[in-house]
Structure formats: structure tokens, C-alpha cells
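Student: Before anything else, here's the structure in question.
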Amino acid sequence: RAGYPQEKLNEIHGSWFDKKNPVVLMDDHLKSDLHEWLLEWAKKCDLVLAMGSSMCGMAADRIATSVTKREGTLGLIIINLQKTPHDHLAAIRIFAPCDKAMALLAKKMKLQIPKQF
């Protein structure tokens with residue numbers, strides 16, 4: 001919906017909008033191919049931007065926490081209205097709606113936001 005290519009997304013816990021990838025609940029098993037992709041990115045990511053996530057113990061949280069444990073990374077940025085269990089790990093913590101934070105960032109970077117968004 002945001003215009004980002006679907007094939008670049010790893011909706012490891014499923015998607016409400018993709019019938020081929022049903023939502024996986026907290027105690028369900030993850031799809032193995034997506035879980036392998038998650039583990040790969042957890043090892044090689046340099047910066048994680050966690051937006052609008054409660055980070056409440058889902059498998060995808062591993063990517064966010066892994067970047068904070070490796071030296072030489074840019075770390076974790078969390079943008080969310082509520083506190084998360086990982087706030088103390090974040091290099092930058094922003095308490096704001098995601099769309100407002102991204103609009104300010106786009107303005108600072110002098111980026112044009114298409115009108116359809």
C-alpha cells in the first residue's frame with residue numbers, strides 16, 4: 001500500500017492482505033523460507049528502523065535486537081507511540097506517529113512526497 005515492492009517485504013508473521021501468506025499468531029510456527037530470510041537479515045543488517053511496532057516478542061524482533069549487539073552498526077531506531085521492551089537498546093527513540101515522523105524526515109532531506117500518499 002505504501003508503494004514499496006511486495007517482493008522486497010518479508011511479512012514473516014503473515015499479511016492480512018495476502019491470502020497466500022496468512023497471519024501467524026504468537027504461538028504458531030513461522031513459514032520456514034521466511035524464517036530463513038529473517039535469520040539472514042539478522043546477521044547482515046546495519047541499521048534497523050522499527051516503525052509502529054510494539055516489539056512484543058515476535059520473531060521479527062530478532063532483527064531489531066541483533067543489530068544492537070554487533071559493533072560497527074548504526075543500530076536501532078524505533079518510531080512508535082507506545083513504549084516497547086527494546087527502547088533501551090535504541091540509538092534513537094522517537095515517540096510520534098510514523099507518518100508525521102517520516103514527513104518531517106522527508107522535509108529535512110528535501111524529498112518530494114507524491115500526492116497519492
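Student: Give me the 1.4 Å probe accessible area per residue for the chain, excluding ligands and nucleic acids, in Å².
Tutor: 76 Å²
Student: Residue 49 to residue 20: extension gain in nm, 0.36 nm per residue of separation minus the Cα-Cα distance?
Tutor: Gain on extension, residue 49 to residue 20, equals 7.8 nm.
Student: Would you compute, from DSSP H runs of 4+ residues alone, the mean residue ellipticity of the chain at 222 nm, taking -39500 (n - 2.57) per run and dividing by the full residue count, rounded to the nearest 500?
Tutor: Value at 222 nm, helices only: -8500 deg cm²/dmol.
Student: Run down the lysines and flag those whose C-alpha is under 28 Å from the C-alpha of residue 100, throwing out any fewer than 8 positions away in its chain.
Tutor: The qualifying lysines are 8, 83, 108, 110, 115.
Student: Okay, moving on. Search the structure for amide H atoms under 5 Å from the amide H of residue 51, placed 1.01 Å from N in the peptide plane, and list their residues when 5 or more places away or on another chain.
Tutor: Long-range HN contacts for residue 51: 79.
Student: Quick check: from the Cα gyration tensor, does the stretch 32-89 come out rounded (a/c under 1.5), prolate or oblate?
Tutor: Oblate, because a/c is 1.5 or more while a/b does not exceed b/c.
Student: Here's another thing I want to ask about it. Heavy atoms only, probe 1.4 angstrom, no DNA, RNA or ligands counted: give me 15, 54 ranked by accessible area, highest first. Walk me through the numbers on the way to the answer.
Tutor: Details: 15 10, 54 65 Å².
The residues order as 54, 15, largest area first.
Student: Quickly work out the residue 4-to-residue 71 label distance, labels modelled 7 Å from Cα along the C-beta direction, and quote it in nm with one decimal.
Tutor: In this crude spin-label approximation the distance works out to 3.1 nm.
Student: Roughly how compact is the chain, stated as its Cα Rg over 2.2 N^0.38 Å to two decimals?
Tutor: 1.13
Student: Residue 31: accessible area at probe 1.4 Å, nearest 10 Å²?
Tutor: 80 Å²
The values are calculated or read from the model by the stated rules, or taken from the named source; none is laboratory data. Just so you know, these numbers come straight off a predicted model, no measurement behind them. Glycine also receives a Cβ, built like all others from the backbone with ideal geometry; neighbour counts cover every protein chain displayed. In case anyone asks, the SASA skips ligands and DNA or RNA and just uses the protein heavy atoms, side chains included. Shrake-Rupley method; radii C 1.70, N 1.55, O 1.52, S 1.80 Å.
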